[in-house]
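Student: Structure provided below as structure tokens; questions to follow.
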Amino acid sequence: MDGRDKLTVAAAMIVRNEQHHLAACLDTLEGALDEIIVVDTGSTDGTIELASRASVKLLHHKWADDFAAARNVALDAVSCDWVLYIDADERLGLPDGGRLADYVDPAAIAAFVRFRPKTGFTRYREWRLFRSEPSIRFVGRIHESMRPSILAAADRHHLPIVQTRVELYHLGYDGEQAQKHARNLPLLQEAVQLTPERVYYWYHLSETLAAIGRTPEAISAAWTGLEWGQRKPALENRPAMSLIFQYLARTELDAGNDALRLIDEGLEFEPADHALAFLRGQALLRAGRAEQALDIALSLGSIDPDGLLDGVLAFDRRIFLDMACELAALACLRLGRRKEAAAHYSRAAALAPDSLAYRVKAAALGACSLP
């Protein structure tokens, strides 16, 4: 690779029953990639037919409850200089158009992309781009990662890992998740036994258990994850620790309990966790500390969610928008400042025009009239 214009990039993905997502994903890759590898792991819908008609290299791999193994089949087939790993329910975004290679630093070993995990959330940095070399491979039957081998390669070659402006948008959490929960639960239960020090396994296990109504088990898994994170502190565990603190704090608040001590512990661990800060505002309001709750609401409302691009956490955009305004309005009401509360509800209504509740409350306080 003598220059950026000669660098080539392949997309590598694994699929199974993705006929509703695959075409749109491939549309975002067309013209931007030099090669597209699709490994089917046993589709029974129209995925294979769709992929067969596209300009991709289609391979088949028998599913064996091992995401890393399937992804490595795709990597083995890559003939380009670099690889973007992507899923069918994700979409590639290049801010200035062109080819993905134009956004890659040929002097790096790997690069982060700006990843949006769910519609309505901010973006964060995600490991998705890396050099195509045999030493960089995925590990882990679920939540597979190439991070360990990238770090080893970076150290061996004395090459950096850099940030890019490349964007990926994930749509997989927007629909029904029951099938994914059923698939993931046994893999996660095995993963926490084999690799308990990886805190994200505990977080995803607790999230999955909560989603299927097994709340006591979910809470137990979350606390176990925190214990492992505190026992085996590691940089890669920090985002998962924050997610667990958020889950436990919401659980405590929903149960009507005082969650401030837990929230403060989480914020001491990760001060930039804006979701936990929002929960702290709610907890303070419940505890009768409205002035402090108002300060948090105003602070969150001053943050531009579109400017949160390269951190390690993603957040629901609404905590910086209408939900911050609603928190401010509730705090002002507790403080007897009705005019300010009305202004905050009006602002919330402008930010979330489909919410009748905000308009009703603003109108009740004399700030505006209903249509």
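The values are calculated or read from the model by the stated rules, or taken from the named source; none is laboratory data. Everything numeric in this text was worked out from a predicted model, so none of it was measured. Glycine also receives a Cβ, built like all others from the backbone with ideal geometry; neighbour counts cover every protein chain displayed. All accessible areas refer to the heavy atoms of the entire protein, side chains included, with ligands and DNA or RNA removed. Shrake-Rupley method; radii C 1.70, N 1.55, O 1.52, S 1.80 Å.
Student: Can you tell me what the convex hull of the Cα atoms of the range 277-371 projects to on average, as an area in nm²?
Tutor: With the hull built on Cα positions only, its mean projection is 6.1 nm².
Student: Okay, moving on. Report for the chain the percent antiparallel among DSSP-assigned beta bridges with both residues inside it, nearest 5.
Tutor: 45
Student: What is the sum of charges, Lys and Arg at +1 and Asp and Glu at -1, for the other residues whose Cβ falls under 12 Å from the Cβ of Ile219?
Tutor: -2
Student: With θ set to phi - 60°, apply the Karplus curve 6.51 cos²θ - 1.76 cosθ + 1.60 along the range 271-280 and write out the HN-Hα couplings as whole Hz, x wherever there is a Gly or Pro.
Tutor: Listing the rounded values in order: x, 8, 7, 5, 5, 5, 4, 4, 4, 5 Hz.
Student: Moving to a separate point now. Of Asp34, Asp354, Asp89, which has the largest mean-square fluctuation in a 10 Å C-alpha GNM of the chain?
Tutor: Maximum fluctuation in the GNM of the chain, among the listed residues, is at Asp354.
Student: Which net charge results for the neighbourhood of Met146, defined as the other residues with beta-carbon distances under 12 angstrom from its beta-carbon, given Lys and Arg at +1 and Asp and Glu at -1?
Tutor: Computed value for this residue: +2.
Student: Under a plain spin-label model, where a point goes 7 Å from the Cα along Cα-to-Cβ, how far apart in nm are Asp45 and Ser302?
Tutor: If labels sit at Asp45 and Ser302, their model points lie 4.7 nm apart.
Student: May I pose another question? Mind putting a number on the dipole of the range 62-135 about its Cα centre? Charges go on the C-beta only, +1 for Lys and Arg and -1 for Asp and Glu, and I need it in Debye to the nearest 20.
Tutor: 320
Student: Enumerate the amide H contacts of Phe121 below 5 Å, restricted to partners 5 or more residues apart or on another chain; note that Pro and chain-start residues carry no placed amide H.
Tutor: Close amide H contacts, sequence-distant or interchain: Arg317.
Student: Using R₀ = 25 Å, calculate the FRET efficiency as 1/(1 + (r/R₀)^6) where r is the Cβ-Cβ separation of Ala152 and Trp63; round to 0.05.
Tutor: Computed FRET efficiency for Ala152 and Trp63: 0.35.
Student: What are the aspartates and glutamates whose alpha-carbon lies under 13 Å from the alpha-carbon of Lys232, with same-chain residues fewer than 8 places away excluded?
Tutor: Glu197
Student: Still on this structure, please answer the following. Given the C-alpha centroids of the range 243-257 and the range 283-318, what is the distance between them in whole angstrom?
Tutor: The range 243-257 and the range 283-318 have Cα centres separated by 16 Å.
Student: Keeping all protein chains in position, work out how much accessible area Leu365 exposes to a 1.4 Å probe, and write it in Å² to the nearest 10.
Tutor: We get 40 Å² for Leu365.
Student: Here's something else I'd like to know. Using Cα positions and a limit of under 28 Å, work out the lysines in reach of Lys339, with same-chain residues fewer than 8 apart set aside.
Tutor: Result set, ordered by chain and number: Lys361.
Student: What chymotrypsin sites (Phe, Trp or Tyr not before Pro) does the range 113-185 have in DSSP loop regions with at most 16 other beta carbons within 10 Å?
Tutor: Loop-located and lightly packed - Tyr173.
Student: State, to one decimal in nm, how far the label point of Val162 lies from the label point of His20, with both points 7 Å from Cα in the Cβ direction.
Tutor: Inter-label distance under the simple model: 3.9 nm.
Student: Ok, one more. Calculate the all-directions average of the projected area of the chain's alpha-carbon convex hull, and give it in nm².
Tutor: Average projection, Cα convex hull of the chain: 20.6 nm².
Student: Test of understanding: express the Cα radius of gyration of the range 68-217 as a ratio to 2.2 N^0.38 Å, with N the residue count.
Tutor: Against the empirical 2.2 N^0.38 Å value, I get 1.13 for the range 68-217.
Student: Over the range 176-292, one equal point on each Cα, no solvent: what is log10 I(q)/I(0) by the Debye formula at q = 0.13, 0.17 Å⁻¹?
Tutor: -0.51, -0.83
Student: Ignoring everything but the protein chains, give the 1.4 Å probe accessible area of Lys361 in square angstrom, nearest 10.
Tutor: For Lys361, solvent-accessible area is about 80 Å².
Student: While we're here: Taking Lys57 as the anchor, which lysines have their alpha carbon closer than 24 Å to its alpha carbon, excluding any fewer than eight residues away along the same chain?
Tutor: The reachable lysines, counting only those whose Cα sits under 24 Å from Lys57, are Lys6.
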